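The values are calculated or read from the model by the stated rules, or taken from the named source; none is laboratory data. Every value quoted in this text rests on a predicted model; they were computed, and no experiment measured them. No Cβ is skipped: glycine too gets one built from the backbone with ideal geometry, and neighbour counts run over all protein chains shown. Just so you know, the surface numbers come from the protein's heavy atoms only, side chains and all, with ligands and any DNA or RNA stripped out. Shrake-Rupley method; radii C 1.70, N 1.55, O 1.52, S 1.80 Å.
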Amino acid sequence: MKKRNANKRKSGKKFPVHPDFKDRNITPIDSLKRSGKTLGNAFSSITSDLKFISWVDESIPNMIWACILTSFLEQKDYLNIFRAIVINARKNIAERKSLHITHNFLGAMNEDTFDRLMQPVLEHPQALIWLKGLLLLDCLPDRHHWRRHLDEPDPEKDWNILIHAVADNYDHQSQRATDIRWFKLIYVMLCREQIFLPEGSDIGEQLRLYPDFGDMRSVRPMIRSMEISLRELDKNGTLDGKKREEDTLEIVKFHADDFWSETLRKVDCISVPKGEKIECGPRELSKELIEIFQKIDSHFFETLSTTSIDPRHDGAFGIALYAITFLLNSAVGYSSSRPEGRVLLRTIAETYITLHYLTEKDDPALWQKYRHYGAGQTKLAFLKYLRETDVPDFIDMGMMEYLANEDMWLEFQDIDLGNWASLDLRKMSTEAGCKDVYDNYYDWTSGFSHGHWGAVRDSVFTNCLNPLHRYHRIPSFPDEAMPSMLVDGCKLCNRILDDLNRLYPSLKVRIKWHNRKTGVEKQA
């Protein structure tokens, strides 16, 4: 990370950051290292042998009793309990070096050791009320201990205890989660005596007197980074895979997945719509687009100079009308706020980049090449369908044959299997000076066209709001609206009209609906 920042300073480049995301710790795309066709992650240059550990997946289930306390008691109260456990173990429990405060360690203790270690909890009347929810979980290794001290739970009420406990501690950097992580850390440091601090530093005092000593802006991150190193102890009972002489306790193997499987089985999902109900596009926009279509149609005939093949005239007007048609179809129906709207927006963007490239070059040979390429692709599709005995229903073979032969008998036509401009769309947009359109409208929308996971996830799934299910994904109904693509479609189509006017002046008509719409929103 330091090396990358140093390179950034050396190059003198300043990468822009979206104002809403300035506080995020996100590496800008310009700083990511590329290897072949892979854009590596921020840590790919450090090591490929990273091991991932999850606070939510592994640590919360093994400390759910502490999560309950942080969720339902005041901070000073649960921190007093945590401190009392550490002090009690250090003063009164000889075998403290082999113990820990996670469920798998607690489950391996005998009754006397458990009761002595957890005495501060067991003597707190409010804590015992809230901890009843633990008895709903069959997977806990120490359930038999809690059963001796807790009343029978009420499933109607006590599942909500566990729901709140997980939700309130879900963020590993939250105050509650940090307090639990401090508790784990301070126990290992003072009772197991497995953490050694540098001499002359005040780190020990910062941890001992937490949260009342030191600058919490640095102490809290320090606690979290140190606690991560203890995860192997939580899971397997040792810090380095080797048992010490003091490690006399045979801990119970606790699989956190059992916790999540049990809660999924016993508690229902919580589903709410992720967006507003989808609505038909605005009538005022569709009306305006129809009028613009008619004016483009009139301008076509006003600028028509020949009935012969004219790749420039046909191409420019055809591309413009094609894009307006896509936008109109989105405006008159529901697609503008559905996944197919993103596919339509991608097509409009690609259409604009193509026209703008042709406009910038304005080379008769290039206009001709664009037209010949399309005719060749029509011929290629037609020839492939000729081999089929079961042609798809949407194919009109007669019309396809006519189109393939319209400019020239298809037997004389070559088929270009590459790109008509010998450029991919990205390079085309760069050469045409409209890379902003490619960056803003092509990459993400292409996922919807290709069915990439991100698009699938965004389109047909929502989040279950039950934290006991880790806010997992569940299907969403197709009547929920996604952000509309109509404003963006209007902006792109206006840029297409700009190019059409540049090629065949003067076409003054532009779409105005989106300006009125955004103006009202800003005023509100």
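For this structure, a couple of remarks:
- Largest to smallest accessible area among LEU380, LEU497, LEU386 [probe 1.4 Å]: LEU386, LEU380, LEU497
- Exposure check, 1.4 Å probe, all protein chains in place: SER330 carries approximately 0 Å² of accessible surface.
- Percentage, to the nearest whole number, of Cα pairs in region 61-170 over 21 Å apart: 31
- Span from the region 163-179 Cα centroid across to the region 349-384 one, whole angstrom: 57
- Using heavy atoms of the protein chains and a probe of 1.4 Å, the accessible area assigned to VAL460 is about 70 Å².
- Largest first, the residues ILE60, ILE46 sort by 1.4 Å accessible area into ILE46, ILE60.
- For region 339-491, the equivalent ellipsoid derived from the Cα gyration tensor has semi-axes of 37, 23, 12 Å, listed largest first.
- Between ASP215 and SER261, the FRET efficiency from the beta-carbon distance, with R0 = 51 Å, is close to 0.75.
- Helix-only mean residue ellipticity at 222 nm for the chain, each DSSP H run of n ≥ 4 adding -39500 (n - 2.57), per residue, nearest 500: -17000 deg cm²/dmol
- Part-to-part distance (alpha-carbon centres) for region 394-412 and region 16-47, which is given in Å: 48
- Each listed q (0.17, 0.20 Å⁻¹) maps to a log10 I(q)/I(0) for region 203-298, found by the Debye formula over equal Cα scatterers with no solvent: -1.02, -1.05.
- Isolated cysteines of the chain, defined as having no other cysteine beta carbon under 4.7 Å away, are CYS67, CYS139, CYS191, CYS280, CYS434, CYS490, CYS493.
- Helix 155-168 vs. the chain, principal-axis angle (Cα, 0 to 90°, nearest 10): 70
- Ordering of 62-69, 509-516 by packing is 62-69, 509-516, highest average first (other Cβ atoms within 10 Å, averaged per residue).
- Compared with the dominant principal axis of the Cα atoms in the chain, helix 311-332 is inclined by about 50°.
- For the chain, the carbon plus sulfur part of the accessible surface works out to 51%, probe radius 1.4 Å.
- Residues whose amide H comes within less than 5 Å of that of PHE461, counting only those at least five positions distant or on another chain, are SER476 (H built at 1.01 Å from N in the peptide plane).
- By average C-beta atoms within 10 angstrom, highest first, the peptides 119-126, 356-363, 316-323: 316-323, 356-363, 119-126
- Taking all protein chains as they are arranged and a probe of 1.4 Å, the heavy atoms of THR378 leave approximately 40 Å² accessible to solvent.
- Principal-axis tilt of helix 283-303 within the chain, Cα atoms, nearest 10 degrees: 30
- Cα-based Rg and Dmax for region 270-381, where Dmax is the largest Cα-Cα distance (Å): 17.7, 65
- In the context of the full set of protein chains, residues of the chain present 56 Å² of accessible surface per residue (probe radius 1.4 Å, heavy atoms only).
- The coefficient of translational diffusion for region 106-146, derived via Stokes-Einstein from the alpha carbon Kirkwood radius under 37 °C and 0.692 mPa s, stands at 307 µm²/s.
- Average Cα contact separation per residue, region 69-203, under 8 Å, 6 or more apart, as relative contact order %: 32
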